[in-house]
1. Looking at residue 88, is it part of a helix (DSSP H, G or I), surrounded by 12 or more Cβ atoms within 10 Å (Cβ to Cβ) and either in contact with a strand residue (DSSP E or B) (Cβ under 7 Å, 6 or more places away or on another chain) or without any contact (Cβ under 8 Å) to a residue 40 or more places away in the chain (or both)?
2. From 49, 34, 45, which residue is loosely packed, with under 11 Cβ neighbours inside 10 Å, at pLDDT 75 or above and assigned to a helix (DSSP H, G or I)?
3. Taking segment 52-75, which residues are part of a helix (DSSP H, G or I) and either in contact with a strand residue (DSSP E or B) (Cβ under 7 Å, 6 or more places away or on another chain) or within 23 Å of residue 17 (Cα to Cα) (or both)?
């Protein structure tokens, strides 16, 4: 396995997760729905660590990346316009 210099290498993620898991009482989870529900209860930092851990596992397993999404110019223009409107409203309220 090739190690990278990313701030969250697999060893770091495993260590942080193991520290967190020491404080957790385990309950057997057998379905994706149960795991998703448990994940919703995690703080944002632990959700990010879990996501990085899973990404590392998928990379190790040789999982194929999803195809890049394609967006039309119209979709992107609409998002930019929406962002600009939101920014103006934010500035007015600040």
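The values are calculated or read from the model by the stated rules, or taken from the named source; none is laboratory data. None of these values were measured; they are calculated from a predicted model. Cβ sites come from the backbone with ideal geometry, for glycine too, and all protein chains shown count toward neighbours.
1. Spelling it out, it is not the case that residue 88 is part of a helix (DSSP H, G or I), surrounded by 12 or more Cβ atoms within 10 Å (Cβ to Cβ) and either in contact with a strand residue (DSSP E or B) (Cβ under 7 Å, 6 or more places away or on another chain) or without any contact (Cβ under 8 Å) to a residue 40 or more places away in the chain (or both).
2. Details: 49 fails: loosely packed, with under 11 Cβ neighbours inside 10 Å; 34 fails: loosely packed, with under 11 Cβ neighbours inside 10 Å.
One residue alone meets the criteria, 45.
3. Kept after step one, since they are part of a helix (DSSP H, G or I), are these residues of segment 52-75: 52-60, 73-75.
Matches in segment 52-75: 52, 53, 54, 55, 56, 57, 58, 59, 60.
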